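The values are calculated or read from the model by the stated rules, or taken from the named source; none is laboratory data. Note that the structure is predicted; figures quoted are calculated from it, not measured. Don't worry about glycine lacking a Cβ; one is built from the backbone with ideal geometry, like all the others, and counts go over all protein chains shown.
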Amino acid sequence: MTRITIIGAGVAGLCVARALRDRGADVTLVDRHAQPGPHACSWWAGGMLAPFCEGESAEEPVVRLGAEAADWWAAKTGAVSRNGSLVVSPSRDKSDLVRFARRTSGYRKVTAPEIETLEPDLGNRFATGLFFETEAHLAPRTALARLRDGLASDGVTFVQEDADPEAHAGRGLTIDCRGFQARDALRDLRGVKGEMLVLSCPDIELRRPIRMLHPRVPLYIVPRGDGIFMLGATMIEGSAGRHVTARAMLELLSAAYALNPAFGEAEVIEIGVDSRPAFPDNLPRIRRDGNLIRANGLYRHGFLLAPALARMVAELIFDNTTPEVMDEIAA
């Protein structure tokens with residue numbers, strides 16, 4: 001049995017562990033924290049499995065590889081809701097909706113009555129929108145917990161330790177999935193700051209993620225159930241500070257209020273700030289140096305691209321197949 005150590009138990013590390021265990025590997029997963037939590041950027045993810053929407057600004061591989069995500073997460077965690085994605089914009093910003101439609105696919109245009117049927121609590125505030133019917137979303141914290149529990153049940157060993165991947169590689173095959181923490185070893189890895197809010201607003205019910213195109217801060221809001229919503233997110237070049245900026249909070253809340261004024265009465269129950277690991281083209285990378293494999297750079301597409309990244313790591317190890325996202329740039 002192939003013995004493999006994975007360093008980092010965020011969304012990338014857990015997905016890689018699942019893919020390797022499914023291929024029969026003896027997996028040990030090492031992380032400085034005992035459980036998934038707010039220390040990891042995957043804790044603050046929107047959880048949108050929306051490859052077509054991401055095509056508005058992302059490279060083609062994000063759309064194609066992201067198409068694997070919904071089925072993978074449904075099979076491994078059962079935590080997926082398949083209600084599609086809805087994109088709207090205020091009438092004054094209708095040119096943004098035209099631009100979004102031009103850059104994406106997999107949608108149908110919907111009118112105000114159709115929008116109200118899909119999401120009654122949006123009322124008749126939006127004249128037109130784009131409905132991406134095949135897209136999905138999940139609750140990231142539930143998905144992480146179920147994925148970890150499933151791995152533990154299947155015999156994966158979890159070790160709480162602040163580990164050095166190179167030291168582990170000296171003892172056997174090791175995969176570095178530390179995200180932004182690996183910036184000391186990956187010179188071209190950068191941090192992209194994200195800021196997001198978790199709101200409690202029992203007066204509003206939404207069934208699917210809503211993206212509202214906004215001149216300054218494009219808003220997404222993802223329902224978590226029981227009147228809880230994830231609201232985000234900014235994308236600022238540079239590693240995250242400890243706290244959300246006043247500008248980000250004002251703009252996010254203003255955009256939410258424009259979506260539905262009832263959000264003005266929402267309670268802000270959590271504030272999240274993270275640093276998403278990204279390479280210059282915002283696509284993930286797999287790099288190998290002997291016994292050490294580094295899988296990183298999921299950017300804002302953690303839950304969307306982690307299953308494909310994990311599959312490619314497993315194919316590299318077990319099938320000697322060169323991953324699509326592999327490169328030979330010195331770490």
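For the stretch 11-46, give me the residue count where each residue is of a type in the set (A, V, I, L, M, F, W, C) and either modelled with pLDDT under 95 or within 20 Å of GLY272 (Cβ to Cβ) (or both). Can you show your working first?
Residues of the stretch 11-46 that are of a type in the set (A, V, I, L, M, F, W, C), as a first pass: 11-12, 14-17, 19-20, 25, 27, 29-30, 34, 40-41, 43-45.
The next check asks that each one be either modelled with pLDDT under 95 or within 20 Å of GLY272 (Cβ to Cβ) (or both); those that pass are 11-12, 14, 34, 40-41, 43-45.
Total satisfying the criteria: 9.
Looking at THR157, THR174, which is the one that is touching a residue at least 60 places away in the same chain (Cβ under 8 Å) and buried (at least 22 other Cβ atoms within 10 Å of the Cβ)?
Numbers: THR157 fails: buried (at least 22 other Cβ atoms within 10 Å of the Cβ).
Being touching a residue at least 60 places away in the same chain (Cβ under 8 Å) and buried (at least 22 other Cβ atoms within 10 Å of the Cβ) holds for just one of THR157, THR174, which is THR174.
Looking only at residues that are surrounded by fewer than 20 Cβ atoms within 10 Å (Cβ to Cβ) and within 16 Å of the chain's Cα centre (by Cα) in the stretch 180-210, which one is farthest from PHE263 (Cα to Cα)?
GLY191
Which numbered condition in (1) under 13 Å from LEU197 (Cβ atoms); (2) touching a Ser or Thr at 6+ places or on another chain (Cβ under 6 Å) is the only one that LEU252 fails?
The number of the failed condition is (2).
Given the conditions (1) assigned by TED's automatic domain parsing to the domain that holds ALA145; (2) in contact (Cβ under 8 Å) with a residue 60 or more places away in the chain, report the number of the one that ALA167 does not fulfil.
(2)
Go through the residues of the stretch 199-208 one by one and say whether even a single one is under 30 Å from GLY227 (Cα atoms), assigned to a strand (DSSP E or B) and among the aliphatic types (A, V, I, L, M). Lay out the reasoning, then the answer.
Here is the first cut: in the stretch 199-208, the residues under 30 Å from GLY227 (Cα atoms) are 199-208.
Now restrict to residues that are assigned to a strand (DSSP E or B): 199-200.
Cutting the leftovers down to among the aliphatic types (A, V, I, L, M) gives us 199.
Yes: one or more hits.
Is one or more of the residues making up the stretch 127-135 within 20 Å of the chain's Cα centre (by Cα), under 29 Å from CYS201 (Cβ atoms) and crowded, with 20+ Cβ neighbours inside 10 Å? Working first, answer last.
Here is the first cut: in the stretch 127-135, the residues within 20 Å of the chain's Cα centre (by Cα) are 132-135.
In the following step, the residues that additionally are under 29 Å from CYS201 (Cβ atoms) were identified as 132-135.
Now drop any that are not crowded, with 20+ Cβ neighbours inside 10 Å, which leaves 132, 135.
Within the stretch 127-135 (the criterion being within 20 Å of the chain's Cα centre (by Cα), under 29 Å from CYS201 (Cβ atoms) and crowded, with 20+ Cβ neighbours inside 10 Å), the answer is yes, since at least one residue qualifies.
Filter the stretch 202-225 down to residues that are modelled with pLDDT of 95 or more and either touching a helix residue (DSSP H, G or I) at 6+ places or on another chain (Cβ under 6 Å) or at positive phi (or both), then give me how many there are.
Of the residues in the stretch 202-225, 2 are modelled with pLDDT of 95 or more and either touching a helix residue (DSSP H, G or I) at 6+ places or on another chain (Cβ under 6 Å) or at positive phi (or both).
Could you look through the stretch 226-235, keep only residues that are at pLDDT 90 or above and in a loop (DSSP other than H, G, I, E, B), and pick out the one that is surrounded by the most Cβ atoms within 10 Å (Cβ to Cβ)?
Initially, the stretch 226-235 is screened for residues at pLDDT 90 or above, giving 226-231.
Now drop any that are not in a loop (DSSP other than H, G, I, E, B), which leaves 226-227.
On the way: ASP226: 8, GLY227: 16.
Looking at residues that are at pLDDT 90 or above and in a loop (DSSP other than H, G, I, E, B), I get GLY227.
Residue pairs, Cβ under 7 Å, 6 or more apart or interchain, first in the stretch 9-27 and assigned to a loop (DSSP other than H, G, I, E, B), second at pLDDT 95 or above and of a type in the set (D, E, K, R). List them.
ALA9/ASP31
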